[in-house]
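S.K.: Okay, here's the structure, questions in a sec.
The values are calculated or read from the model by the stated rules, or taken from the named source; none is laboratory data. Remember, it's a predicted structure, so these values are computed and weren't measured experimentally. Cβ coordinates were reconstructed from backbone atoms using ideal geometry, including for glycine residues, and neighbour counts include every protein chain displayed.
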Amino acid sequence: MAHELGESDWGDWLPTAVADADPDGVAIWYLGCNGFVLKGSDGTTLFIDPYCGLGDPPRTVRMIPVPFDPTDVREADAILATHEHSDHVHGPTQAPILASTGADYYAPDASMATVEGGGWIDDWSVVAEQFVTVTEDETFEVGEFTITVVAVNDPDADHPVGYVIEHDAGTVFHGGDTRPADSFRSLANRFDIDLGVLAFGSAGRIPDKETREPKRTQWYADENGVVRAANALELDRLVPSHWDMWKGLTADPTVLHHHARSFDYPERLEVVEIGDRIDL
């Protein structure tokens, strides 16, 4: 079965670390793939695109551990989804978190169609009131965070969005699987982004979804695209994501040091591995 839930051999240490953390500002954990957890100083906890699935072998083969069992998550106020792909909207990962914590789920319409098609309300103990459809330029509050939905450029998704997440400690941008976008200059004028997450990967030969014949595939920005996006967004800190995930599309994020050297932004590259914590 494609994208079935993987079994974690990490135990519950990562969800426990999140629950027990008492950050001065905002603590951020990388979940691998494009998943992150943000926890603020007042305890508000946001998940963005968490994914504990195994992919669809042999087409997409997970290259990193499954970091936690979703039923071990004790605290969550919201889950934000960037677009409808299975490694971003995944019922077996995300619905149990919603069921156990009562968190709200924010996502664009194409992602919500995937939720409805997956029967989340019928198969898990979640209710319709937990699901909130969002659109670009909409702003909403989740606890101590102010979240603005922004336009991004992911040509492989039906309706992708990014999120600008503001807190007294700083501002975070999560672009989903975006490539460089014309809108990023205006975002830099509108927001002072302290830390930005941008998906990064190589091109590779991946079996076609329909024919299963090997096909040249590029789902994420390459090193030049990532730095172009980071420079347009005027990021203080760049955190590359997704480079670790799929066999054939992995990449070395340290090469971004060389590509960023000739640009004003990002001011700093921060390479994190699955399970790592960084702070605003």
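S.K.: In the stretch 126-139, is there at least one residue being more than 20 Å from F184 (Cα to Cα), without any contact (Cβ under 8 Å) to a residue 24 or more places away in the chain and not charged (D, E, K, R)?
M.R.: Keep residues of the stretch 126-139 that are more than 20 Å from F184 (Cα to Cα), which gives 126-133.
Those left that are additionally without any contact (Cβ under 8 Å) to a residue 24 or more places away in the chain: 127-129.
If we keep only those that are not charged (D, E, K, R) too, we end up with 127-128.
So far as the stretch 126-139 goes, yes, one or more of its residues are more than 20 Å from F184 (Cα to Cα), without any contact (Cβ under 8 Å) to a residue 24 or more places away in the chain and not charged (D, E, K, R).
S.K.: So, of the residues in the stretch 74-91 that are in contact with a helix residue (DSSP H, G or I) (Cβ under 7 Å, 6 or more places away or on another chain) and outside any loop (DSSP other than H, G, I, E, B), which turns out to be surrounded by the most Cβ atoms within 10 Å (Cβ to Cβ)? Lay out the reasoning, then the answer.
M.R.: Filtering the stretch 74-91 down to residues in contact with a helix residue (DSSP H, G or I) (Cβ under 7 Å, 6 or more places away or on another chain) leaves 74-76, 79, 81, 83-84, 89, 91.
Those left that are additionally outside any loop (DSSP other than H, G, I, E, B): 79, 91.
Values: I79: 25, G91: 21.
Within the stretch 74-91, the match that is surrounded by the most Cβ atoms within 10 Å (Cβ to Cβ) is I79.
S.K.: Could you give every pair whose Cβ atoms fall below 6 Å, whose first residue belongs to the stretch 92-111 and is farther than 15 Å from A128 by Cα, and whose second residue is of a type in the set (F, W, Y) and buried (at least 18 other Cβ atoms within 10 Å of the Cβ), counting only separations of at least 6 or pairs across chains?
M.R.: Listed by first residue and then by second, the contacts come to T93/Y51.
S.K.: Return the residues of the stretch 50-88 that are within 12 Å of G6 (Cα to Cα), of a type in the set (A, V, I, L, M) and in contact with a His (Cβ under 9 Å, 6 or more places away or on another chain); say none if nothing qualifies.
M.R.: Selection gives L54 alone.
S.K.: Mind listing whichever residues of the stretch 143-158 are more than 18 Å from G176 (Cβ to Cβ) and touching a residue at least 60 places away in the same chain (Cβ under 8 Å)? I'd like the intermediate steps shown before the answer.
M.R.: Of all residues in the stretch 143-158, those more than 18 Å from G176 (Cβ to Cβ) come to 143-144, 146.
Of everything in the stretch 143-158, those that are more than 18 Å from G176 (Cβ to Cβ) and touching a residue at least 60 places away in the same chain (Cβ under 8 Å) turn out to be G143, E144.
S.K.: Restricting to the stretch 97-112, give me the number of residues that are in a helix (DSSP H, G or I) and out of contact with any strand residue (DSSP E or B) (no Cβ under 9 Å at 6 or more places or on another chain).
M.R.: 3
S.K.: Right, here's the next one. Looking only at the stretch 119-138, decide whether some residue is aromatic (F, W, Y) and farther than 26 Å from A2 by Cβ. Please lay out each step first, then the result.
M.R.: Within the stretch 119-138, the subset aromatic (F, W, Y) is 120, 124, 131.
In the following step, the residues that additionally are farther than 26 Å from A2 by Cβ were identified as none.
There is no residue in the stretch 119-138 that is aromatic (F, W, Y) and farther than 26 Å from A2 by Cβ.
S.K.: With the requirement that a residue be over 13 Å from P96 (Cα atoms) and either part of a strand (DSSP E or B) or among the acidic types (D, E) (or both), what does the stretch 54-73 give you? Spell out the reasoning first.
M.R.: The initial filter retains those residues of the stretch 54-73 that are over 13 Å from P96 (Cα atoms), namely 54-67.
Scanning the stretch 54-73 gives G55, D56, T60, V61, R62.
S.K.: Further question on the same structure: Could you say which residue among E141, E136 is among the acidic types (D, E), out of contact with any His (no Cβ under 8 Å at 6 or more places or on another chain) and assigned to a strand (DSSP E or B)? Show your work before the answer.
M.R.: Numbers: E136 fails: assigned to a strand (DSSP E or B).
Answer to the check: E141.
S.K.: Right, next: Just to be sure I understand, how many residues within the stretch 206-250 are part of a strand (DSSP E or B) and either hydrophobic (A, V, I, L, M, F, W, C) or over 25 Å from I274 (Cβ atoms) (or both)? Steps first, please.
M.R.: Going residue by residue through the stretch 206-250, those that are part of a strand (DSSP E or B) are 206-207, 214-217, 221, 237-241, 246.
Subset that is either hydrophobic (A, V, I, L, M, F, W, C) or over 25 Å from I274 (Cβ atoms) (or both): 206, 214-216, 221, 238-239, 246.
The total comes to 8.
S.K.: Here's something else I'd like to know. Go through the stretch 141-179 and give me each residue that's touching a helix residue (DSSP H, G or I) at 6+ places or on another chain (Cβ under 8 Å), crowded, with 21+ Cβ neighbours inside 10 Å and farther than 14 Å from Y106 by Cα.
M.R.: Scanning the stretch 141-179 gives A157, F173, G175, T178, R179.
Let's see how each residue does on (1) at pLDDT 95 or above; (2) of a type in the set (D, E, K, R); (3) more than 30 Å from W10 (Cα to Cα):
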{"site": "A199", "(1), (2), (3)": "yes, no, no"}
{"site": "R212", "(1), (2), (3)": "no, yes, yes"}
{"site": "K215", "(1), (2), (3)": "no, yes, yes"}
{"site": "R228", "(1), (2), (3)": "yes, yes, yes"}
{"site": "V239", "(1), (2), (3)": "yes, no, no"}
{"site": "A251", "(1), (2), (3)": "yes, no, no"}
{"site": "Y265", "(1), (2), (3)": "yes, no, yes"}
{"site": "D276", "(1), (2), (3)": "yes, yes, no"}
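S.K.: Of the conditions (1) modelled with pLDDT of 95 or more; (2) assigned to a helix (DSSP H, G or I), D177 clears all except one; give me its number.
M.R.: Of everything listed in (1) modelled with pLDDT of 95 or more; (2) assigned to a helix (DSSP H, G or I), D177 misses just condition (2).
S.K.: It is to be established whether one or more residues within the stretch 88-95 are touching a Leu at 6+ places or on another chain (Cβ under 6 Å) and modelled with pLDDT of 95 or more. Before the answer, list the steps.
M.R.: Of the residues in the stretch 88-95, the ones touching a Leu at 6+ places or on another chain (Cβ under 6 Å) are 92.
Filter once more, keeping what is modelled with pLDDT of 95 or more: 92.
Within the stretch 88-95, one or more residues are touching a Leu at 6+ places or on another chain (Cβ under 6 Å) and modelled with pLDDT of 95 or more.
S.K.: Filter the stretch 78-132 down to the residues that are among the charged types (D, E, K, R) and within 17 Å of D156 (Cα to Cα) and list them by number. Before you say what the answer is, go through the steps one by one.
M.R.: Here is the first cut: in the stretch 78-132, the ones among the charged types (D, E, K, R) are 84, 87, 104, 109, 116, 122-123, 129.
Selection gives E84, D87, D109.
S.K.: Moving to a separate point now. Could you tell me whether W29 is under 27 Å from H85 (Cβ atoms) and crowded, with 21+ Cβ neighbours inside 10 Å? Write out each step before concluding.
M.R.: On the way: under 27 Å from H85 (Cβ atoms): yes; crowded, with 21+ Cβ neighbours inside 10 Å: yes.
Yes: the conditions hold for W29.
S.K.: Residue check: is D192 assigned to a loop (DSSP other than H, G, I, E, B), over 20 Å from N34 (Cα atoms), charged (D, E, K, R) and modelled with pLDDT of 95 or more?
M.R.: Numbers: assigned to a loop (DSSP other than H, G, I, E, B): yes; over 20 Å from N34 (Cα atoms): yes; charged (D, E, K, R): yes; modelled with pLDDT of 95 or more: yes.
It is true that D192 is assigned to a loop (DSSP other than H, G, I, E, B), over 20 Å from N34 (Cα atoms), charged (D, E, K, R) and modelled with pLDDT of 95 or more.
S.K.: Another question about this same structure. Given the options V126, V115, name the one that is assigned to a loop (DSSP other than H, G, I, E, B) and either among the charged types (D, E, K, R) or closer than 20 Å to G53 by Cβ (or both).
M.R.: Numbers: V115 fails: assigned to a loop (DSSP other than H, G, I, E, B).
Sole residue among the options that is assigned to a loop (DSSP other than H, G, I, E, B) and either among the charged types (D, E, K, R) or closer than 20 Å to G53 by Cβ (or both): V126.
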